[in-house]
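Comments concern the structure below.
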Amino acid sequence: MANTIIYPGTFDPFTLGHLDLTQRAAKMADRVVVAVAQEVGSKRTLFTTDERVAFAKEACQGLNNVEVLGFSGLLTAFAKQQQGNIILRGIRSGADLDYERPMAELNRKLTPGLDYIFLLPEPELSAVSSTLVREIARLGGETHTLVPNNVEQALRQRFGVS
Ligand code: PNS
């Protein structure tokens, strides 16, 4: 059976941690879909869905079996529509695992045949989060070791740093 990994997230913005996981997933599966969530509850995103999709697409350009798509509604419905059989999430800490476990358990309960894999980021990327990247960029800090070049440029433009 062909494996399709769905890698969902807000990706606001896509970081080197996300890229690391996508690259590793691309070696494990026939196809990987980076699934950019359009709705993120009450959270407001810094970048629009189109921008978040475009950043991830550009960063994943060299990965032939990776697609980047926006999605709305239930992740499980999107996974089914894409014939995805595995959902991938990154785990940086115990807090991440506590957040992920109920979602994974419910999604598996709702969707027979769906499984999950969790990957640890490379140690040098384990502290990287989109939230901290946005904060650092907003305050004029350097983000080139945290995000792909295209995202770094977009952050500079957004926050008016030359
Ligand atoms: O990067 P994030 O913000 O941690 O990603 C969270 C995301 C988008 C993966 C999660 O909120 C999600 O799956 N949203 C889609 C809606 C859904 O299926 N909700 C039910 C979860 S049990």
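None of the figures in this text is laboratory data; all of them are computed from the coordinates on show. If you're wondering where the values come from, they're calculated on a predicted model, not measured in any experiment. Glycine gets a Cβ as well: all are built from the backbone with ideal geometry, and neighbour counts include every protein chain shown.
A few remarks follow.
- Residue in the stretch 127-143 that is nearest to the ligand (Cβ to nearest atom), counting only those that are without any contact (Cβ under 8 Å) to a residue 60 or more places away in the chain and surrounded by 13 or more Cβ atoms within 10 Å (Cβ to Cβ): Leu132
- Taken over the stretch 63-103, residues that are crowded, with 17+ Cβ neighbours inside 10 Å, within 10 Å of the ligand (Cβ to nearest atom) and more than 19 Å from Gly17 (Cβ to Cβ) amount to 5.
- Residue selected from the stretch 36-59 under the condition within 18 Å of Gly90 (Cβ to Cβ), of a type in the set (Gly, Ala, Ser) and out of contact with any helix residue (DSSP H, G or I) (no Cβ under 6 Å at 6 or more places or on another chain), by the criterion farthest from the ligand (Cβ to nearest atom): Ala56
- Condition met for Ala35 (among the small types (Gly, Ala, Ser), free of Cβ contacts under 8 Å to residues at least 60 places away in the same chain, outside any helix (DSSP H, G or I) and within 23 Å of Leu120 (Cα to Cα)): yes
- Count of the stretch 54-78 residues which are within 14 Å of the chain's Cα centre (by Cα), in contact (Cβ under 8 Å) with a residue 24 or more places away in the chain and outside any strand (DSSP E or B): 6
- Among the residues of the stretch 18-33, those identified as of a type outside the set (D, E, K, R) and away from the ligand (no atom under 11 Å from the Cβ) are Leu19, Leu21, Thr22, Gln23, Ala25, Ala26, Met28, Ala29, Val32, Val33.
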